[in-house]
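Engineer: I have a structure I would like to understand better, so I am pasting it below and will then ask my questions one at a time.
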Amino acid sequence: MKRLEDCKPLMAMVAIDLAFAIVNILLEAVLDHGMNHLVLITYRLSVASISLAPIAYFCEKDGRANLSVRILCYLFFSAIVGASLTQYCFLLGIQHTSATFACAFVNLVPVVTFLLALPFGLETVKLKCSSGRAKIIGTVVCISGAVLLTVYKGPALLNDSYSIAALAASHGGDVKLKKTGESWTVGCIALVAGTLLWSSWFLLQSNIGKRYPYQYSSTAIMSGFGAVQSAVLSLSTGAKSSAWALTGKIQILTVLYTGMIGSGMCFVGMSWCVKKRGPVFTAAFSPLVQIMSAMFDIPIMHRPLYLGSLLGSVSVIIGLYILLWGKNKEMETSTSKVVVVEGITTTTNTTQGYSRSYD
């Protein structure tokens, strides 16, 4: 029974990553059809907020009593860096590159979070220990892989000759398929910005989780704020009224699925896994999203697989797991030290008890 309980976070993260992989493929499909980024984000976050609100209302009644103006301000800023602006950057990146390529940047989030946490004292590096050296090496390898992904595309290894024809046939010939070098650069810049924002959200969320530990309520409120922000941004950028009309089953399916599952239950599930096993465990499953996306992206969407994407992705995954190994080693060392200190304290107290009895 205990083993089954220990496996629940693992099974939850596998299910969450599979859901995220499907989200990426659906988003890429509707963006190729020309759906407005900000309109999609607004609908997605609105669906997430509406679907989570009843659950939060009935399951987290104490959350309403503990909700303050300060918490609302935190959640509003959290929506900017974690929902509206971040999703816009990643959607822009997916449109100009591919879902598989975008997932490689998602893999960098734990590394970037680690680097951002250093100045705030949330992470430490001890170069004399193997764990500290592993974290540095893993960070360097990850960043090198991201640079390789950005600056080197290389020859196509798969789907080079028939990818455009297959996509045009599957989408009725109305898709903007040509992704030039300039478009690829725009996509890379957007993905870098999204990675920085998403990493910042983890730091902010760790603070919010301590002050307001209600996962359904905080996610519902954050999604609601994000929907309003995206709508205002969409209207300010001059989105046409026709862009708000959902045309076709694929757009409706994407809005409902990415809202209820991608921005709703997946966020709640990740928060639960962080609470149960910590952020390192949760981050370790990030590369799984890329692998699952590739399983859909290459054979179904007929996206070409480039040498630069393959080499860069492998480097990112290797560097990530070196970093996570160092982090796990550091936690094991800290735990063993605590056990030793407790043992010494217990022995000291026992000896003092015997001395008093002898006296």
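Engineer: Taking 0.36 nm per residue of sequence separation and subtracting the Cα-Cα distance, how much length would be gained by fully extending the chain between Thr237 and Asp62, in nm to one decimal? Could you put the intermediate results ahead of the total?
Structural biologist: On the way: separation 175, 0.36 × 175 = 63.00 nm, distance 3.92 nm.
In short, 59.1 nm is gained.
Engineer: Amide H of Leu157: which non-local residues (sequence gap of 5 or more, or other chain) have their own amide H closer than 5 Å, using H built in the peptide plane?
Structural biologist: Leu305, Tyr306, Leu307
Engineer: What's the extension gain from Lys126 to Leu256 if we count 0.36 nm per residue and subtract their Cα-Cα distance?
Structural biologist: That pair, Lys126 and Leu256, stretches by 42.2 nm at full extension.
Engineer: Across the range 35-42, in residue order, what do the Karplus-derived ³J(HN,Hα) couplings come to in whole Hz, using 6.51 cos²θ - 1.76 cosθ + 1.60 with θ = phi - 60° and x for Gly and Pro?
Structural biologist: So the Karplus estimates, Gly and Pro as x, are 5, 5, 4, 5, 5, 4, 5, 4 Hz.
Engineer: Please compare each pair in Lys8/Lys135; Lys135/Lys276; Lys210/Lys276 to a cut-off of 25 Å on the Cα-Cα distance and tell me which ones are over it. Mind showing how you got there, number by number?
Structural biologist: Working: Lys8/Lys135 27 Å; Lys135/Lys276 23 Å; Lys210/Lys276 14 Å.
Correct reply: Lys8/Lys135.
Engineer: Now, a different point. Students sometimes get this wrong: rank Leu148, Leu196 by accessible area, probe 1.4 Å, all chains present, largest first. Show your work: numbers first, answer last.
Structural biologist: Numbers: Leu148 50, Leu196 90 Å².
So the residues, ranked largest to smallest area, are Leu196, Leu148.
Engineer: Let me ask something else. Shape call for the range 1-85 from the C-alpha gyration tensor, a ≥ b ≥ c root eigenvalues: rounded (a/c under 1.5), prolate (a/b greater than b/c) or oblate?
Structural biologist: Because a/c hits 1.5 or more and a/b fails to exceed b/c, the range 1-85 counts as oblate.
Engineer: Would you mind working out the accessible area per residue for the range 83-145, using a 1.4 Å probe, and quoting it in Å²?
Structural biologist: 39
Engineer: Counting only the heavy atoms of the protein chains, how much of Thr219 is accessible to a 1.4 Å probe, in Å² to the nearest 10?
Structural biologist: 10
The values are calculated or read from the model by the stated rules, or taken from the named source; none is laboratory data. Model, not experiment: these values are computed from the prediction. For the accessible areas, the whole protein counts, side chains as well, though only heavy atoms, and no ligand, DNA or RNA atoms are used. Shrake-Rupley method; radii C 1.70, N 1.55, O 1.52, S 1.80 Å.
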